[in-house]
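All remarks here apply to the structure that follows.
The values are calculated or read from the model by the stated rules, or taken from the named source; none is laboratory data. Keep in mind that this is a model prediction, so the values were computed, not measured. The accessibility values were calculated without ligands, DNA or RNA, using every heavy atom of the protein model including side chains. Shrake-Rupley method; radii C 1.70, N 1.55, O 1.52, S 1.80 Å.
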Amino acid sequence: GTIQRGSLEDYDRVMDINVRAVALGIRAALPALEAADGGAIVVTGSVSGLFGDSGLWAYNASKAAVVNLVRSVALDIGHLKLPASCNFLRQPTMGDQTEQSLLCNAERAIAAGRTRVQRRKAGAGHRG
């Protein structure tokens, strides 16, 4: 629902599942990765963390938080030489768009001050 109608309890639940759980998982894995002197932190993200969707304010906020959580973790653990990345899965509904073309479209839409819905209506589709 919209931010006016959505419950804060639902928001807290989404944030706990989508953000807190990722943070706890990374935190739990780091000692073993450090002891093994190798490995990687790979988190599955969502392009919903890059765009706003009507009615999905809590989900979009949580996915944006995950993207930046992983960015921050990568900076914090750089001295361990462990890569940390947040990958985006390509959905069948995306056609032949690659992750790179999605990010390219996102950067253009943000720079132009347009939302994802407006970009689609405008038909500005970069094929990567």
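How large is ³J(HN,Hα), in whole Hz, for each residue of the range 22-34 in order, when computed from phi with the Karplus curve 6.51 cos²θ - 1.76 cosθ + 1.60 and θ = phi - 60°, using x for Gly and Pro?
5, 4, 5, x, 4, 4, 6, 7, 4, x, 5, 5, 5
Would you grab the residues whose amide H sits under 5 Å from the one on Leu50? Only those 5+ places off in sequence or on another chain, please, with H modelled 1.01 Å from N.
For Leu50, no residues qualify.
So what are the ³J(HN,Hα) numbers for the range 47-56, from phi and the Karplus equation (6.51, -1.76, 1.60; θ = phi - 60°), rounded to whole Hz, Gly and Pro as x?
Computed from phi, the couplings for the range 47-56 are 5, 5, x, 10, 10, x, 10, 4, x, 10 Hz.
Can you give the accessible area per residue of the range 1-82, in Å², using a 1.4 Å probe? Let's see the in-between values first.
Details: 5110 Å² over 82 residues.
That works out to 62 Å² for each residue.
Show me, for the range 69-78, the HN-Hα J-couplings you get by feeding each phi into the Karplus relation (A = 6.51, B = -1.76, C = 1.60, θ = phi - 60°), rounded to Hz, glycine and proline as x.
4, 5, 4, 5, 4, 4, 5, 5, 9, x
Amide H to amide H under 5 Å from Cys86: which residues, 5+ apart in sequence or cross-chain, H placed 1.01 Å off N in plane?
Correct list: Val43.
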